[in-house]
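Heads up, the thing below is written out as structure tokens.
Computed from the coordinates by the stated procedures, all read-outs in this text should not be read as laboratory data. Because the structure is a prediction, the values reported are computed rather than measured. Quick reminder, even Gly has a Cβ in these numbers, built from the backbone with ideal geometry, and neighbours come from all protein chains shown.
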Amino acid sequence: MGILDGLLGSVMGQFEANVLPGLLQTALAQTNLGSLQGMLDKLRAAGLGAQVDSWLGRGPNQPITAEQLETALGPTIVDKISGTLNMPPDDIFGFLAKHLPTLIDALSPNGTLQQAPPNA
């Protein structure tokens, strides 16, 4: 199981780094948020600035829960992301809660969010 776990971890790491940013950017472009930066601004406005700042800054990434994301983003955003990622809407917030901190951290090596690569 150790080899399989390592392989799965490597595949998920490549997905987070190379595919997810572009897919998420494509989904957000179809919403009033427009971009990953728009999503971060919305999260900050919803009182989640400490988490967002931890993802952009150095040091450990603070977690975010599916419930916090659902409250901050709402159903319209999740429907767009759901369609783009081809995932059921009920799974989107859990998925984002798991991957968003690492994704934003990777896209902000100098503390400023970089444009997601257009590879979706």
* Full-extension gain in nm, His99 to Thr71, via 0.36 nm per residue minus C-alpha separation -> 8.3 nm
* DSSP-assigned coil residues among trypsin sites (Lys or Arg not before Pro) in the stretch 44-96, each with at most 11 further Cβ atoms within 10 Å -> Arg58
* Label-to-label distance, nm, for residues given as Asn32 and Asn61 (7 Å Cα→Cβ offset) -> 2.8
